[in-house]
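The values are calculated or read from the model by the stated rules, or taken from the named source; none is laboratory data. Computed from a predicted structure; not experimentally measured. Here Cβ is always computed from backbone atoms with ideal geometry, including for glycine, and neighbour counts include all displayed protein chains. All accessible areas refer to the heavy atoms of the entire protein, side chains included, with ligands and DNA or RNA removed. Shrake-Rupley method; radii C 1.70, N 1.55, O 1.52, S 1.80 Å.
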Amino acid sequence: MWRKQRFEGLDVLVAERGRALLAAAVLLTGSRAAGEDLVQAALERLMRNWSRVHGDKEGYLRRTLYHLAVDRWRLRRRRPEVLTEVEPLDQSDGTEALHLRQALIQALALLPPRQRAVLVLRYWEQRSEAEAAELLGCSVGTVKSTASRGLTRLRELTADWALEGAGMNGAGR
């Protein structure tokens with residue numbers, strides 16, 4: 001009873017937004033298992049600070065999620081980690097769409113951490129530049145330039161896809 005009153009609304013938050021939070025975490029980390037760990041760590045931090053968080057609990061949870069992801073990226077600079085293939089989330093779309101989604105997620109995993117975070121916030125979660133800047137603790141200009149560089153790099157990584165789709169996969173190059 002005490003626990004239920006203490007964390008009132010947490011169960012609703014997780015039930016309503018947990019899937020979206022997990023999807024963002026998977027994109028940030030590169031694997032479902034690491035994404036689940038990231039969400040779990042963010043939820044633990046939210047629960048530890050529950051009484052001090054007034055207002056938007058989801059906003060606090062998302063900020064914590066992104067800050068923890070950045071912390072992990074910094075650790076990986078010192079101790080590199082090999083990313084595994086990302087498992088597609090439960091969706092009932094066609095095989096081709098799943099292959100495209102998988103390829104995009106793999107291309108996203110090749111981006112530097114900050115570019116990946118900005119692109120996930122801006123285009124996966126549909127956040128404004130100001131919201132992304134606030135969540136990442138940087139300026140709006142940094143979000144704009146990082147998004148531009150990230151999109152340019154994604155285009156470079158996926159340039160061959162158009163040729164492969166047209167049946168020109170390597171022939172004549």
Check: V140 accessible area, nearest 10 Å², 1.4 Å probe?
Finding: 60
Next item on the list: With θ set to phi - 60°, apply the Karplus curve 6.51 cos²θ - 1.76 cosθ + 1.60 along the stretch 109-119 and write out the HN-Hα couplings as whole Hz, x wherever there is a Gly or Pro.
Entry: 5, 7, 6, x, x, 5, 4, 4, 4, 5, 5
Margin query: Quick one: 3J(HN,Hα) in Hz for the stretch 127-133, Karplus 6.51/-1.76/1.60 with θ = phi - 60°, rounded, Gly and Pro as x.
Written below: 7, 6, 4, 5, 5, 5, 4
Checklist line | Stretch gain in nm, segment R63-T142, where the contour uses 0.36 nm per residue and the Cα spacing is subtracted | finding: 26.7 nm
Checklist line | Potential lengthening between E36 and W124 on full extension [0.36 nm per residue; Cα-Cα distance subtracted] | finding: 29.9 nm
Next item on the list: Distance between Cα centroids, the stretch 1-75 to the stretch 121-157: provide it in whole Å.
Entry: 21
Next item on the list: Can you figure out the FRET efficiency of R101 with E8, using R₀ = 30 Å and their beta-carbon distance, to the nearest 0.05?
Entry: 0.25
Next item on the list: With θ set to phi - 60°, apply the Karplus curve 6.51 cos²θ - 1.76 cosθ + 1.60 along the stretch 31-44 and write out the HN-Hα couplings as whole Hz, x wherever there is a Gly or Pro.
Entry: 8, 5, 4, 5, x, 5, 4, 5, 4, 4, 5, 5, 5, 4
